[in-house]
1. Can you report the number of residues in segment 76-121 which are at positive phi and of a type in the set (Val, Ile, Thr)?
2. Working carefully through the options 66, 23, 18, find the one that is more than 20 Å from residue 112 (Cβ to Cβ) and of a type in the set (Lys, Arg).
3. What tally of residues in segment 31-69 results from selecting those that are outside any helix (DSSP H, G or I), surrounded by fewer than 23 Cβ atoms within 10 Å (Cβ to Cβ) and over 11 Å from the mean Cα position of the chain (by Cα)?
4. Quick one: residue 85 ticks every box in (1) part of a loop (DSSP other than H, G, I, E, B); (2) over 14 Å from the mean Cα position of the chain (by Cα); (3) touching a residue at least 24 places away in the same chain (Cβ under 8 Å) except a single one, so which number is it?
5. Could you check segment 2-14 and list, in sequence order, the residues that are assigned to a strand (DSSP E or B) and either of a type in the set (Val, Ile, Thr) or under 15 Å from residue 81 (Cβ atoms) (or both)?
6. Of all residues being among the aliphatic types (A, V, I, L, M), more than 16 Å from residue 68 (Cα to Cα) and at pLDDT 95 or above in segment 1-14, which is surrounded by the most Cβ atoms within 10 Å (Cβ to Cβ)? Just the residue, please.
7. (1) in contact with a helix residue (DSSP H, G or I) (Cβ under 9 Å, 6 or more places away or on another chain); (2) modelled with pLDDT of 95 or more; (3) closer than 18 Å to residue 84 by Cβ: which one isn't true of residue 56, the others all being true?
8. Pick out the one residue from 121, 87 that is at pLDDT below 95 and surrounded by fewer than 17 Cβ atoms within 10 Å (Cβ to Cβ).
Amino acid sequence: MARILIVDDSPTEIHVLKTMLEKHGFETVSAESGEEGVVKAAEEKPDMVLMDIVMPGMNGFQATRKISSTEETKDIPIIIVTTKDQETDRVWGLRQGAKDYLTKPVDENLLIEKIAALLGE
(Lines give C-alpha, C1' and ligand atoms only; values in the text may rest on other atoms or scores of the structure.)
Protein backbone atom coordinates (compact mmCIF):
# COMPACT_ATOMS: atom_id res chain seq x y z
CA MET A 1 0.00 0.00 0.00
CA ALA A 2 1.09 3.56 -0.64
CA ARG A 3 3.18 5.43 1.97
CA ILE A 4 2.21 9.03 2.59
CA LEU A 5 4.35 11.65 4.31
CA ILE A 6 2.32 14.14 6.37
CA VAL A 7 4.15 17.44 6.96
CA ASP A 8 2.40 19.61 9.56
CA ASP A 9 3.55 21.43 12.70
CA SER A 10 0.31 20.52 14.51
CA PRO A 11 0.33 17.12 16.27
CA THR A 12 -3.48 17.26 16.19
CA GLU A 13 -3.59 17.70 12.40
CA ILE A 14 -1.03 14.92 11.94
CA HIS A 15 -3.21 12.65 14.09
CA VAL A 16 -6.40 13.52 12.16
CA LEU A 17 -4.79 12.93 8.75
CA LYS A 18 -2.96 9.79 9.92
CA THR A 19 -6.22 8.31 11.26
CA MET A 20 -8.05 9.06 7.98
CA LEU A 21 -5.31 7.60 5.82
CA GLU A 22 -4.64 4.49 7.89
CA LYS A 23 -8.36 3.72 7.93
CA HIS A 24 -8.11 3.50 4.12
CA GLY A 25 -5.06 1.24 4.26
CA PHE A 26 -2.30 3.79 3.67
CA GLU A 27 0.99 3.70 5.55
CA THR A 28 1.99 7.06 7.03
CA VAL A 29 5.14 8.83 8.13
CA SER A 30 5.15 12.35 9.51
CA ALA A 31 7.33 15.41 9.83
CA GLU A 32 6.68 18.43 12.07
CA SER A 33 8.42 21.11 9.98
CA GLY A 34 9.18 22.03 6.39
CA GLU A 35 12.86 21.24 6.89
CA GLU A 36 12.10 17.81 8.36
CA GLY A 37 9.61 17.19 5.55
CA VAL A 38 12.26 17.82 2.89
CA VAL A 39 14.71 15.47 4.66
CA LYS A 40 12.10 12.74 5.17
CA ALA A 41 10.91 12.98 1.55
CA ALA A 42 14.50 12.22 0.45
CA GLU A 43 15.08 9.48 3.08
CA GLU A 44 11.70 7.75 3.02
CA LYS A 45 10.79 8.19 -0.67
CA PRO A 46 7.04 8.24 0.11
CA ASP A 47 4.48 7.75 -2.66
CA MET A 48 2.95 11.14 -1.80
CA VAL A 49 3.33 14.14 0.50
CA LEU A 50 0.53 16.04 2.27
CA MET A 51 1.99 19.48 3.02
CA ASP A 52 0.78 22.17 5.43
CA ILE A 53 1.70 25.77 4.56
CA VAL A 54 1.85 27.72 7.81
CA MET A 55 4.83 26.36 9.76
CA PRO A 56 7.71 28.03 11.59
CA GLY A 57 11.04 28.11 9.74
CA MET A 58 10.70 26.72 6.23
CA ASN A 59 7.02 27.09 5.26
CA GLY A 60 5.08 24.63 3.13
CA PHE A 61 5.49 26.67 -0.07
CA GLN A 62 9.29 26.59 0.36
CA ALA A 63 9.32 22.88 1.28
CA THR A 64 7.08 22.06 -1.71
CA ARG A 65 9.39 23.98 -4.04
CA LYS A 66 12.45 22.18 -2.60
CA ILE A 67 10.92 18.67 -2.87
CA SER A 68 9.53 19.24 -6.37
CA SER A 69 12.78 20.72 -7.71
CA THR A 70 15.23 18.20 -6.23
CA GLU A 71 16.18 15.38 -8.60
CA GLU A 72 15.63 12.51 -6.15
CA THR A 73 12.22 13.74 -4.91
CA LYS A 74 10.76 15.64 -7.90
CA ASP A 75 8.45 12.77 -8.91
CA ILE A 76 6.71 12.57 -5.51
CA PRO A 77 3.27 14.18 -5.86
CA ILE A 78 2.45 16.81 -3.23
CA ILE A 79 -1.03 17.83 -2.08
CA ILE A 80 -1.09 21.01 -0.04
CA VAL A 81 -3.46 20.70 2.94
CA THR A 82 -3.87 24.06 4.66
CA THR A 83 -6.19 26.56 6.32
CA LYS A 84 -5.12 29.18 3.73
CA ASP A 85 -8.15 29.33 1.46
CA GLN A 86 -7.34 32.31 -0.80
CA GLU A 87 -7.18 31.72 -4.54
CA THR A 88 -3.75 33.42 -4.64
CA ASP A 89 -2.44 30.84 -2.14
CA ARG A 90 -3.85 28.00 -4.24
CA VAL A 91 -2.26 29.35 -7.42
CA TRP A 92 1.08 29.96 -5.67
CA GLY A 93 1.05 26.46 -4.13
CA LEU A 94 0.49 24.86 -7.54
CA ARG A 95 3.26 27.03 -9.01
CA GLN A 96 5.66 25.69 -6.37
CA GLY A 97 5.07 22.18 -7.69
CA ALA A 98 2.05 20.89 -5.77
CA LYS A 99 -0.31 18.67 -7.75
CA ASP A 100 -3.41 19.65 -5.76
CA TYR A 101 -4.58 21.96 -2.98
CA LEU A 102 -7.13 21.21 -0.25
CA THR A 103 -8.28 23.40 2.62
CA LYS A 104 -8.77 22.30 6.22
CA PRO A 105 -10.84 20.87 7.65
CA VAL A 106 -10.31 18.24 4.96
CA ASP A 107 -13.21 16.20 3.69
CA GLU A 108 -12.07 12.59 4.10
CA ASN A 109 -13.72 11.26 0.93
CA LEU A 110 -12.35 14.12 -1.17
CA LEU A 111 -8.84 13.57 0.23
CA ILE A 112 -8.91 9.84 -0.52
CA GLU A 113 -10.31 10.55 -4.00
CA LYS A 114 -7.50 13.05 -4.76
CA ILE A 115 -4.82 10.66 -3.46
CA ALA A 116 -6.21 7.78 -5.52
CA ALA A 117 -6.36 9.96 -8.66
CA LEU A 118 -2.75 11.13 -8.25
CA LEU A 119 -1.41 7.66 -7.45
CA GLY A 120 -3.42 6.10 -10.28
CA GLU A 121 -5.24 3.70 -7.95
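The values are calculated or read from the model by the stated rules, or taken from the named source; none is laboratory data. Since the model is a prediction, treat every value here as computed from it, not as a measurement. Cβ sites come from the backbone with ideal geometry, for glycine too, and all protein chains shown count toward neighbours.
1. Result for segment 76-121: 0.
2. Numbers: 23 fails: more than 20 Å from residue 112 (Cβ to Cβ); 18 fails: more than 20 Å from residue 112 (Cβ to Cβ).
Every option except 66 fails the conditions.
3. The total comes to 8.
4. In the conditions (1) part of a loop (DSSP other than H, G, I, E, B); (2) over 14 Å from the mean Cα position of the chain (by Cα); (3) touching a residue at least 24 places away in the same chain (Cβ under 8 Å), residue 85 misses (3) alone.
5. In the first step, residues of segment 2-14 are kept if they are assigned to a strand (DSSP E or B); the result is 3-7.
4, 5, 6, 7, listed by residue number.
6. Step one: filter segment 1-14 for residues among the aliphatic types (A, V, I, L, M), giving 1-2, 4-7, 14.
Among the residues that remain, those that are also more than 16 Å from residue 68 (Cα to Cα) are: 1-2, 14.
Of the ones still in play, those that are also at pLDDT 95 or above are 2, 14.
Working: 2: 17, 14: 19.
Only one residue fits best here, namely 14.
7. The number of the failed condition is (2).
8. Working: 87 fails: at pLDDT below 95.
Only one candidate qualifies: 121.
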